[in-house]
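Below is one structure, written out as structure tokens; comments come after it.
The values are calculated or read from the model by the stated rules, or taken from the named source; none is laboratory data. Please read these numbers as outputs of a predicted model, since none were measured by experiment. Ideal geometry is used to build each Cβ from the backbone, glycine not excepted, and the neighbour counts take in all protein chains shown. Accessible surface is based on the protein model in full, side chains and every heavy atom, while ligands, DNA and RNA are left aside. Shrake-Rupley method; radii C 1.70, N 1.55, O 1.52, S 1.80 Å.
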Amino acid sequence: MLAIETERLTKRFGGRPVVDAVTLKVPMGCVYGFLGPNGAGKTTTMRLLLSLMHPDAGSIRLLGHDLATARCVALGQVGAFVESPSLYDHLTGRANLGLTRRMLLLPDRDVDRVLELVDLRHAAGRRVRDYSLGMKQRLALARAMLGSPKLLLLDEPTNGLDPDGIAAMRTLIRSLPERIGGTVFVSSHLLSEVEHVADHIGVMRDGRLLVQDRIGTLLGPAAGVAFTVAGEAEAGSVLLRTRGIDASAVDDRSIIVRCGTDVRSDLAAVTNQLLVEADFAVSSIRPQVRTLEDVYRNAVDRAEPGERKAA
């Protein structure tokens with residue numbers, strides 16, 4: 001069973017698809033990073049998942065339940081905040097949670113449980129107007145966790161936070177699947193942030209899902225090895241190519257050696273030896289790894305030829 005499963009989910013505004021035949025497959029027990037630039041369709045997708053909007057086409061299943069035929073059951077195990085959290089500034093943190101607790105007919109102890117999860121018990125008696133933005137975001141997350149949901153949908157949870165707040169939220173999100181025994185679906189336009197917390201990712205652009213998979217599969221092993229030399233990197237790369245090594249100069253001091261299908265574990269050592277024997281002073285050797293930005297760019301590049309053809 002998947003935590004979230006959609007089939008060709010579509011939503012149009014003014015005849016234009018803002019969510020265009022999106023098929024999501026979100027495994028249980030993971031942090032799924034839902035990535036894409038502002039305007040990619042992420043928030044609209046999340047509103048569709050929460051039944052805040054109705055799709056024009058396609059289907060949605062949450063925790064195995066069809067949202068169209070079993071809405072209450074499907075949403076009964078889902079917690080969320082979408083866009084900026086709506087809190088009552090004149091009330092305390094505990095009172096804000098208490099309002100939701102009473103609507104959900106939950107016991108008082110559930111408020112203490114979620115305050116503990118987000119490390120806000122010390123500030124529960126303070127008015128929310130005196131909270132930092134990071135504390136407000138954590139309070140909104142605590143509210144989403146009332147009732148012990150097995151699926152959390154979080155829209156841009158680090159938006160507007162300072163570096164300390166981002167780090168704290170990142171640590172919290174990464175720990176949530178184990179702490180709640182569930183799945184976290186988190187949207188963001190910050191590729192580097194999601195790279196720190198997610199197990200799986202999906203990349204959206206212009207309403208379409210370009211790619212989704214385990215992050216380890218998408219990033220793969222090291223793509224190559226970077227060598228820093230004292231100078232004349234172009235001459236060094238030419239030398240390496242004459243020895244059958246796929247090398248290129250990035251600038252005057254940097255040479256990238258691509259691994260490709262080469263499985264020799266001594267590739268870096270062989271390359272270093274060739275450079276040193278040719279009197280190139282090598283000052284550093286480091287892996288050249290893929291990033292989520294590389295994954296995003298590759299996905300966009302693959303999609304654009306089809307877009308041009310369609311145009």
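Look through Leu176, Leu209, Leu152 and report the one residue that is under 27 Å from Pro27 (Cα atoms), in a helix (DSSP H, G or I), modelled with pLDDT of 90 or more and touching a strand residue (DSSP E or B) at 6+ places or on another chain (Cβ under 6 Å).
Leu176
Hand me the list of helices (runs of 4 or more DSSP H) wholly inside the range 90-145 holding 2 or more residues that are in contact with a Phe, Trp or Tyr (Cβ under 8 Å, 6 or more places away or on another chain) and open to solvent by less than 30 Å² (accessible area, probe 1.4 Å).
The helices (runs of 4 or more DSSP H) meeting that bar are 93-103, 133-144.
Determine which single condition Arg241 fails, assuming it passes every other condition in (1) closer than 22 Å to Glu5 by Cβ; (2) assigned to a helix (DSSP H, G or I); (3) not aliphatic (A, V, I, L, M).
With respect to (1) closer than 22 Å to Glu5 by Cβ; (2) assigned to a helix (DSSP H, G or I); (3) not aliphatic (A, V, I, L, M), Arg241 is out only on (1).
Considering only residues of the range 212-237 that are in a helix (DSSP H, G or I) and of a type in the set (Ser, Thr, Tyr), which is most open to solvent (accessible area, probe 1.4 Å)?
Here the residue is Thr217.
Conditions first: (1) of a type in the set (Val, Ile, Thr); (2) closer than 23 Å to Leu49 by Cα; (3) touching a helix residue (DSSP H, G or I) at 6+ places or on another chain (Cβ under 6 Å). Val114 passes all but one, so which condition is the exception?
The one condition Val114 does not meet is (2).
In this structure, does Asp89 turn out to be in contact with a helix residue (DSSP H, G or I) (Cβ under 6 Å, 6 or more places away or on another chain) and among the acidic types (Asp, Glu)?
Taking the combined requirement at face value, the residue satisfies it.
Only residues that are open to solvent by 10 Å² or more (accessible area, probe 1.4 Å), among the aliphatic types (A, V, I, L, M) and assigned to a strand (DSSP E or B): list them for the range 1-37, please.
Correct list: Val18, Ala21.
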